[in-house]
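Engineer: Pasting a structure here, questions to come.
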Ligand SMILES: Cc1cc2nc3c(=O)[nH]c(=O)nc-3n(C[C@H](O)[C@H](O)[C@H](O)COP(=O)(O)OP(=O)(O)OC[C@H]3O[C@@H](n4cnc5c(N)ncnc54)[C@H](O)[C@@H]3O)c2cc1C
């Protein structure tokens, strides 16, 4: 048996690395073990879009420069399912960095901060009073489960998987685009709504392109998932603009949406990132929430060793409570594509509304009642027409 670890983090994606980094930042002497079944660098199916909000989290973790060698993407273009369109410069630029690069950088930063990183796939977990026993030989005072959308640790602590109706699935690939392309394009689809295709230019003459929809809508087709996802992406490519090659490296994965979030852990095991269903149900954005929840989980473990889960719940509620309630309601309203048409139409006319929608879709934003009323009245007007 190993010595006792103050914190064992399972999964070295953004949530896990953030937890490990934060723990050593707050308590430089603590023993932190970061486990991942993969060797880094490793690929991860993702749009590679890193919101400005995530960059703020990276700065808090002591990594303000980690994206500096990647060109910012200043413009966002969104077309609603009914064809309303907005294209505008975002208040703070986003970045597009392939996950093979981004995640490996975070793991390296954690290692440099004194975190022990090991390649190991976690299979069993047992509560042992004040400790947790992992795979029969690792003993931890607390565990952060950041093992992604199909979290094994979540299952092992008895938390059910994300319900299908709160789970999306998306495919991404890479294609050639003009090197100067710096617009993140999102084209929503009325077919199988809610669904959308995207093109996020990396800045090196390639773009991450993809298509996603809800899992029940995919199942309804009765066709193999691969056929639906690859076929629709191929069909939608001409709408994404400037793509000049076939799509390569296609890869799909689930997105557990926050509208179906579970209890954020059990006992001394805290769930973070996708393992906690922290993906925005309106946009599919998850990296910001992964970084934020990983950080909060580590803060709870270090500052409240007696009952980290209670502290973590409190931290999540403070940071994201209002936002999550807002997106719960908006995800319900957005079942009607007309609601999104109205929101995008309003955003096209008013910069402050565009900025606010970006904050809600990519960060911890909420909707002031006045704006909700403006969108609702436009939605009603369009519906009556
Ligand atoms: C196609 C697609 C496009 C997306 N586009 C975007 C986007 O553009 N922007 C955005 O912000 N979000 C996007 N998302 C969501 C985003 O990818 C996730 O929210 C984010 O990766 C969550 O980070 P995480 O650290 O929680 O989990 P992950 O990044 O999934 O990391 C989990 C880690 O756990 C490891 N692991 C799993 N099981 C075990 C085990 N048993 N033992 C040890 N290790 C284990 C895995 O190897 C992996 O490294 C997209 C998702 C998909 C599927």
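Engineer: So how far, in whole Å, is the C-alpha centre of segment 205-224 from the one of segment 128-167?
Structural biologist: 28 Å
Engineer: Could you check the spin-label model distance between residue 192 and residue 25? Points 7 Å from the Cα along Cα→Cβ, value in nm.
Structural biologist: Label-label distance for residue 192 and residue 25, simple model: 3.8 nm.
Engineer: Set the Förster radius R0 to 35 Å, insert the Cβ-Cβ distance between residue 85 and residue 317 as r into 1/(1 + (r/R0)^6), and round the FRET efficiency to 0.05. Provide the component values of the computation, followed by the final result.
Structural biologist: Values: r = 36 Å, r/R0 = 1.04.
The value I calculate is 0.45.
Engineer: Can you sort 268, 118 from fewest to most other Cβ atoms within 10 Å of each residue's own Cβ? Working shown, then result.
Structural biologist: Details: 268 21, 118 11.
Least to most surrounded, the residues fall as 118, 268.
Engineer: Where q = 0.13, 0.14, 0.26, 0.30 Å⁻¹, what log10 of I(q)/I(0) comes from the Debye formula for segment 328-384, counting one point per Cα?
Structural biologist: Taken in order of the listed q values, log10 I(q)/I(0) reads -0.28, -0.33, -1.18, -1.47.
Engineer: Please check which bits of segment 310-326 a label hung off residue 263 would reach, taking the label as a point 7 Å along Cα-to-C-beta and the cut-off as backbone N under 19 Å.
Structural biologist: Label zone hits: 310-318.
Engineer: Rank the residues 359, 3, 307, 147 as a footprinting-exposure proxy: fewest other Cβ atoms within 10 Å of their Cβ go first. Each step should come with its number before you reach the end.
Structural biologist: Details: 359 20, 3 7, 307 12, 147 28.
Ascending number of Cβ neighbours within 10 Å: 3, 307, 359, 147.
Engineer: Here is a follow-up. Please arrange 289, 312 by how many other C-beta atoms lie within 10 Å of their C-beta, fewest to most. Show your work: numbers first, answer last.
Structural biologist: On the way: 289 32, 312 26.
By the 10 Å Cβ count, ascending, the order reads 312, 289.
Engineer: Rg(Cα) of the chain divided by 2.2 N^0.38 Å? Mind showing how you got there, number by number?
Structural biologist: On the way: Rg = 20.5 Å, N = 385, 2.2 N^0.38 = 21.1 Å.
Normalised Rg, Cα atoms only: 0.97.
Engineer: Same structure again: Apply the Kirkwood formula to segment 237-312: the hydrodynamic radius equals the inverse of the mean of 1/r over all pairs of different alpha-carbon atoms; give it in Å with one decimal. Don't jump to the answer; show the numbers that get you there.
Structural biologist: Values: mean 1/r = 0.0690 Å⁻¹.
Taking the inverse mean of 1/r over all distinct Cα pairs, segment 237-312 comes out at 14.5 Å.
Engineer: Restricting to the chain, what percent of DSSP beta bridges are antiparallel, rounded to 5? Numbers along the way, then the final one.
Structural biologist: On the way: 46 of 68 bridges.
The answer is about 70 percent antiparallel.
Engineer: Please give the contour-minus-distance gain from residue 165 to residue 180: 0.36 nm per residue of separation, less the Cα-Cα distance, rounded to one decimal in nm. Kindly include the intermediate steps, with their values, before the conclusion.
Structural biologist: Details: separation 15, 0.36 × 15 = 5.40 nm, distance 3.88 nm.
So the chain would gain 1.5 nm between residue 165 and residue 180.
Engineer: What spacing in nm lies between the two simple spin-label points modelled at residue 112 and residue 128, each 7 Å away from Cα in the Cβ direction?
Structural biologist: Spacing of the two 7 Å Cα→Cβ label points: 3.4 nm.
Engineer: Helix 351-362 versus the longest principal axis of the chain: what angle, 0 to 90°, nearest 10, using Cα atoms?
Structural biologist: Once rounded, one gets 40 degrees.
Engineer: What is the calculated FRET efficiency for residue 349 to residue 42, with r their C-beta to C-beta distance and R₀ = 41 Å, to the nearest 0.05? Could you put the intermediate results ahead of the total?
Structural biologist: Details: r = 43 Å, r/R0 = 1.06.
Result of the calculation: an efficiency of 0.40.
Engineer: Rg and Dmax of segment 84-158 over Cα atoms: what are they, in angstrom?
Structural biologist: Considering segment 84-158 through its Cα atoms, Rg and Dmax are 18.4, 57 Å.
Engineer: Right, next: Provide, in order from the shortest bin, the percent of all Cα-Cα pairs of segment 94-137 in each 5 Å bin, continuing until the bin that contains the maximum pair distance.
Structural biologist: With 5 Å bins starting at 0, P(r) equals 5, 16, 15, 16, 16, 15, 8, 5, 2.
Engineer: Right, another one. What is the mean projected area of the alpha carbon convex hull for segment 64-127, to one decimal in square nanometres? Walk me through the intermediate numbers first.
Structural biologist: Details: hull surface 35.6 nm².
Approximately 8.9 nm², given one-decimal rounding.
Engineer: Turning to a different aspect of this structure: Using only alpha-carbon positions, what ratio does the radius of gyration of segment 29-79 give when scaled by 2.2 N^0.38 Å? Walk me through the numbers before you get to the answer.
Structural biologist: Numbers: Rg = 14.9 Å, N = 51, 2.2 N^0.38 = 9.8 Å.
This ratio for segment 29-79 stands at 1.52.
Engineer: Using only alpha carbon pairs under 8 Å that are at least six residues apart, calculate the relative contact order of segment 328-384 and give it in whole percent. Numbers along the way, then the final one.
Structural biologist: Working: 34 pairs, mean separation 22.3, N = 57.
About 39 percent, as a whole number.
Engineer: Any idea what the alpha-carbon Rg over 2.2 N^0.38 Å comes to for segment 233-371?
Structural biologist: Values: Rg = 17.9 Å, N = 139, 2.2 N^0.38 = 14.3 Å.
Working it through for segment 233-371, the quotient is 1.25.
Engineer: Quick check: from the Cα gyration tensor, does segment 137-200 come out rounded (a/c under 1.5), prolate or oblate? Can you show the working numbers first?
Structural biologist: Numbers: a/c = 4.27, a/b = 1.85, b/c = 2.30.
Oblate shape, in that a/c is at least 1.5 and b/c is the bigger or equal ratio.
Engineer: Let me have the 222 nm mean residue ellipticity of the chain computed from DSSP H runs of 4+ only, each contributing -39500 (n - 2.57), with the sum over all residues rounded to the nearest 500. Intermediate values should be presented prior to the final figure.
Structural biologist: Numbers: 11 runs with 147 residues, N = 385.
Computed mean residue ellipticity for the chain: -12000 deg cm²/dmol.
Engineer: Just how far, in whole angstrom, is segment 368-385 from segment 26-61 if you go by their alpha carbon centroids?
Structural biologist: Between the Cα centres of segment 26-61 and segment 368-385 lies a distance of 39 Å.
Engineer: Using Cα-Cα distances under 8 Å and only pairs 6 or more residues apart, what relative contact order does the chain have, in percent?
Structural biologist: 21 percent
Engineer: Write down, largest first, the equivalent ellipsoid semi-axes of segment 160-252 in whole Å, where each equals the square root of 5 times an eigenvalue of the alpha-carbon gyration tensor. Don't skip to the end; give the middle numbers.
Structural biologist: Values: eigenvalues 127, 31, 28 Å².
Semi-axes (√(5λ), whole Å): 25, 12, 12.
Engineer: Next up: Kindly give the semi-axes, whole Å and largest first, of the ellipsoid equivalent to segment 164-215, taking each as the square root of 5 times a Cα gyration tensor eigenvalue. Could you put the intermediate results ahead of the total?
Structural biologist: Working: eigenvalues 125, 23, 10 Å².
Largest first, segment 164-215 gives 25, 11, 7 Å.
Engineer: Using Cα pairs closer than 8 Å and at least 6 residues apart in sequence, work out the relative contact order for segment 70-205, in percent. Don't jump to the answer; show the numbers that get you there.
Structural biologist: Details: 165 pairs, mean separation 40.2, N = 136.
Here the relative contact order equals 30 percent.
Engineer: Right, another one. How many nm separate the modelled label positions at residue 377 and residue 4, each set 7 Å beyond the Cα in the direction of the Cβ?
Structural biologist: Here the modelled spin labels are 6.2 nm apart.
No value in this document is a laboratory result; all are computed from the given coordinates. As the structure is a computational prediction, the values presented were derived from the model and not from experiment. Every residue, glycine among them, receives a Cβ derived from its backbone with ideal geometry; neighbour counts consider all protein chains shown.
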